[in-house]
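Below you'll find the structure, written out as C-alpha cells, and then a few comments.
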Amino acid sequence: MKKKVISILLASTLLVMSACGCGNDGTSNQGTDPSTSSSQGTDTGAASNEGTASNEGSEGNEAAASGELVDGKFAETRHITVEVYDRGNDGGSDPTNNMYTEYIKKGMLEDHNVEVEFVKVPRWTEVEEINNLLAAGTAPDICLTYSYPTILTYADMGGVLDLSGYVEDYKADLPNLWNWLGETNIYWDKDPVDGTLWAIEGKIAVNNRINTFVRKDWLDALGISEPTTTEEFEAMLIAFEENKDTLLGADADKMIPYSVSYDVGWRAATLIESYIDPDITDKEYYVNGYDDRKLTQNGTKEAVRLLNKWYNMGLMWDNFALYGSGDTTEDDMMKAGYVGAFTHNWDYPFRNGEDSINANLQRNVGEDAYYVAIDPFNDSKGTHTKYVNSTAGDRKIFFPHTNDEPLASMLYLDWISDPEHIQYLQIGDEGVTHNVLESGAIQTVAASGDAIMNSGMNIDYTITCNGLHLSSDELTKLSQAYNYAEIDPDVVSRADVIAQTDAVPAKNVNVGAIEAEANIGDTLSAKRDQVYDNAVIAAESDFDSVWDSMMEDYLSSGGQAIIDERTKSWEATFGDATSLPNN
C-alpha cells in the first residue's frame, strides 16, 4: 500500500513538472558525460523527516546483511534490474544483450547467484524517462542519472532509498566498491546534517573535461600557426571564412568556422572559463556554481558577448540553437568536412572507432584531414585555466523505493568495481576488441556485432568508473593513447596534455541540502540554455538588453534564491572563510 501511495504522489509530481515545461535538464553531454548537477558536488541531502522515512527501509533490511551470504552467494537466486543507456548508435550493439551484458550476467550468477536484467533508457532523454519510471513505480533496481536534482525531487517524497545504512552495514561484502570509490566518492553526497545518502558518485578515472579542436589541414593550407590566445583564435576563424573557397571549393557555402550546440555553457566552456578571475575564491565559485555551465559566474557575460560578436560576423554555425540533445546534424557536418573548429569533450573527435569524427573526416576528405586539440583561450594571467571534475561528479547511482533487493544491488556495484571486471568491460577480448603491443600497451581495435561498445570504454556498464582504468596505473598510462581505434596515438596524447594544462579540480563544498534547488533543476537548466542561446544570436546592439532581461527571468525563477541560500549555508558552515583545502 505504501508503494502505491508513493507512486501516485510521484505521478502527480511528474504531471506538475510536465506542466511547468520540465523535462530534459538540457545539460546532457556526450560520452565523457560530466555531472549536470552542481560542479561542486554539493546538491546533497533532503529534509530530515524524509530521511527518517527512508531509513525505515534501511533498518528493515539490516537482517539481510552478510548472514544471508555463503561464500558471497545467496542460497536462493535473486533477480535485479539495472539501467543502461540506449544511445541509439547506428550499427551499434543491443545495449541489453551483447558480449558485455552476457559477461556481467554470467559473472553475477556464478559469484553471487544473482540474475541481472538490463533495462534500457534513452541517453538523450534520460531525465524524462527516469521521471516516468519513478512515477510509475517501474524504475530499475539500480538507476543512474547525471541530474542530482531529479534524485532529490523523489527523495523528498520517499521515492528513493537512503543508501547510508547499506554502504556501512554491507561494507565487509563490498571490498571492491570501497577500494575503488573510497570514502570520497561513496560519501560525496552524504548530508552533513541528517546523514542521508541518496546517491553514490561514480568515479572519474580521467578527469579531463573540455578541449577546443581545429582542422590541422586547414591550418597547414593557410599557413596559420596554432592559436594560443583568444585574439589569435578569432583571427584564425576570420581566415577560415575569408578563404572558404580555397578550403571547401564548391561547398564554400557550407563553411562553419566555429561550431557550438544549443548547450553553449558546455560547448564554449573553455572560452567562458577564461573570462572568470583565475583567483576566484572557493566561496564565490560555489555560490554562483549551481550547475557546471557557469551562467551566473562573474565574467560569463563578457565571454558570451564575444560569441555574439563572432555569430554576427558569420563565424559560427547560424542554426546551432535549433538542434537539441542527441541530434547528429552537427557531427555529420564535422564528418563531412565543413567545420573548422569546435569545443567539446576532451576526446570527442576520437570516439566511436571507425565512426569517429576524425576517421570519417579522413575517409571523406583525405588522410591529412583531422582535428587536433589546441589551447587558445587565455585568461587574465595569460594561463589557460580549465575547471575540471574531481574524482566525483560522474553518474549518480541510486536505488528507487521499489528496490526490494538492496543487498543484491550493492553486490552488483561491488562486482562491476572489481579491477579485473572493469578491465574486461573496457577492452574486451584480445584479437576481437583489442591487441597487445610489444610494449605491453593495450590498443583498441574496431569491433563488430555484439562486441561493439556503444559508449567509450563501455562507461554505460562500468557505472562506477568513467575513464580508462586497467589492472595497474602503469598499464593504464601506457595504453591511454591507444584506446581509440583508428586514431593516431600522438593526437590523443596531445589532447590529454592540453586538457590537463592549468586544470583546477572541483572541491566538495558539502553544506547540506539547499532547499531552493529542490524540484527546480529542469526548469532552470532550460532557462539557462535559453539565456545562452538567445544572447549569442541577438543583434550586437541588443546583446545587453537580451542578456539582462533573460538573466532577470532566470534569477527570479529560482536562480537568485539558490545564490542567496548557498551564501547563507556557506557562511553558516565555514564562517568568514573564503577558501577550502584541496580534497
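Could you grab the pairs with beta carbons closer than 8 Å, sequence gap of 6+ or different chains, first residue in segment 90-115 and over 29 Å from E354 (Cα atoms), second one part of a loop (DSSP other than H, G, I, E, B) and among the polar types (S, T, N, Q)?
L109/T77; N113/T77; V114/T77; E115/T77
Let's see how each residue does on (1) in contact with a strand residue (DSSP E or B) (Cβ under 8 Å, 6 or more places away or on another chain); (2) charged (D, E, K, R); (3) outside any helix (DSSP H, G or I):
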| residue | (1), (2), (3) |
| --- | --- |
| E226 | yes, yes, yes |
| N298 | no, no, yes |
| R305 | no, yes, no |
| K309 | no, yes, no |
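Of everything in segment 347-382, what is open to solvent by 30 Å² or more (accessible area, probe 1.4 Å), touching a helix residue (DSSP H, G or I) at 6+ places or on another chain (Cβ under 9 Å) and either closer than 26 Å to N508 by Cβ or not in a loop (DSSP other than H, G, I, E, B) (or both)? Give them in sequence order.
Hits for segment 347-382 are E354, D355, R363, N364.
Filter segment 445-456 down to the residues that are open to solvent by less than 30 Å² (accessible area, probe 1.4 Å) and not in a loop (DSSP other than H, G, I, E, B) and list them by number.
A451
For L475, which of the numbered conditions (1) part of a loop (DSSP other than H, G, I, E, B); (2) surrounded by fewer than 23 Cβ atoms within 10 Å (Cβ to Cβ) fails to hold?
Among (1) part of a loop (DSSP other than H, G, I, E, B); (2) surrounded by fewer than 23 Cβ atoms within 10 Å (Cβ to Cβ), L475 violates only (1).
Going through L177, L197, L181 one at a time, which residue ends up being part of a loop (DSSP other than H, G, I, E, B) and either touching a Lys or Arg at 6+ places or on another chain (Cβ under 7 Å) or under 28 Å from S471 (Cα atoms) (or both)?
Sole residue among the options that is part of a loop (DSSP other than H, G, I, E, B) and either touching a Lys or Arg at 6+ places or on another chain (Cβ under 7 Å) or under 28 Å from S471 (Cα atoms) (or both): L197.
Where the second residue is hydrophobic (A, V, I, L, M, F, W, C) and surrounded by fewer than 21 Cβ atoms within 10 Å (Cβ to Cβ) and the first is on the phi > 0 side of the Ramachandran plot and touching a residue at least 40 places away in the same chain (Cβ under 8 Å) and lies in segment 324-347, which pairs have Cβ atoms under 7 Å and are six or more apart or on separate chains?
Going by the 7 Å Cβ cut-off, the qualifying pairs are G326/W124; G337/V365; G337/A369.
Of (1) surrounded by 21 or more Cβ atoms within 10 Å (Cβ to Cβ); (2) touching a helix residue (DSSP H, G or I) at 6+ places or on another chain (Cβ under 8 Å); (3) not in a loop (DSSP other than H, G, I, E, B), L144 satisfies all except one. Which?
(2)
Can you tell me which residue within segment 66-94, out of those that are over 26 Å from G449 (Cβ atoms) and assigned to a strand (DSSP E or B), is most open to solvent (accessible area, probe 1.4 Å)?
Top of the filtered list is V70.
Has segment 298-315 got at least one residue that is under 22 Å from D553 (Cα atoms), under 23 Å from the mean Cα position of the chain (by Cα), touching a residue at least 40 places away in the same chain (Cβ under 8 Å) and open to solvent by less than 20 Å² (accessible area, probe 1.4 Å)?
There is at least one residue in segment 298-315 that is under 22 Å from D553 (Cα atoms), under 23 Å from the mean Cα position of the chain (by Cα), touching a residue at least 40 places away in the same chain (Cβ under 8 Å) and open to solvent by less than 20 Å² (accessible area, probe 1.4 Å).
In segment 324-339, which residue that is at pLDDT 95 or above and in contact with a Ser or Thr (Cβ under 8 Å, 6 or more places away or on another chain) is surrounded by the fewest Cβ atoms within 10 Å (Cβ to Cβ)?
This residue is M333.
Restricting attention to segment 253-281, which residues are touching a residue at least 24 places away in the same chain (Cβ under 8 Å), surrounded by fewer than 20 Cβ atoms within 10 Å (Cβ to Cβ) and in a helix (DSSP H, G or I)?
Within segment 253-281, K254 is the sole residue that qualifies.
Please go through (1) out of contact with any Ser or Thr (no Cβ under 6 Å at 6 or more places or on another chain); (2) surrounded by fewer than 24 Cβ atoms within 10 Å (Cβ to Cβ) for D173 and return the number of the only condition it doesn't satisfy.
Every condition holds for D173 apart from (1).
Does segment 95-116 hold any residues that are surrounded by 19 or more Cβ atoms within 10 Å (Cβ to Cβ) and not in a helix (DSSP H, G or I), and which are they?
P95, N98, V114, V116
When I130 is evaluated against the numbered criteria (1) at pLDDT below 50; (2) within 28 Å of I514 (Cβ to Cβ), which criterion, by number, is the only one it fails?
So the condition that I130 fails would be (1).
Of everything in segment 208-237, what is open to solvent by less than 40 Å² (accessible area, probe 1.4 Å), touching a residue at least 24 places away in the same chain (Cβ under 8 Å) and over 29 Å from the mean Cα position of the chain (by Cα)? Give them in sequence order.
D217, W218, M236, listed by residue number.
Based on what the data block shows, is D473 closer than 30 Å to W180 by Cβ and touching a strand residue (DSSP E or B) at 6+ places or on another chain (Cβ under 9 Å)?
no
Scan segment 561-582 for residues that are part of a helix (DSSP H, G or I) and under 25 Å from the mean Cα position of the chain (by Cα) and jot them down.
Our first condition is that a residue be part of a helix (DSSP H, G or I); within segment 561-582, this holds for 561-574.
Hits for segment 561-582 are I562, I563, R566.
Considering only segment 420-444, how many residues are touching a residue at least 40 places away in the same chain (Cβ under 8 Å), buried (at least 17 other Cβ atoms within 10 Å of the Cβ) and in a loop (DSSP other than H, G, I, E, B)?
Qualifying residue count for the region: 2.
The values are calculated or read from the model by the stated rules, or taken from the named source; none is laboratory data. Fair warning: this is a prediction, and the values are worked out from it, not measured in the lab. Methodologically, a virtual Cβ is constructed for each residue, glycine included, from the backbone with ideal geometry; neighbour enumeration extends over all protein chains shown. Heavy atoms of the whole protein, side chains included, go into the accessibility calculation; ligands, DNA and RNA do not. Shrake-Rupley method; radii C 1.70, N 1.55, O 1.52, S 1.80 Å.
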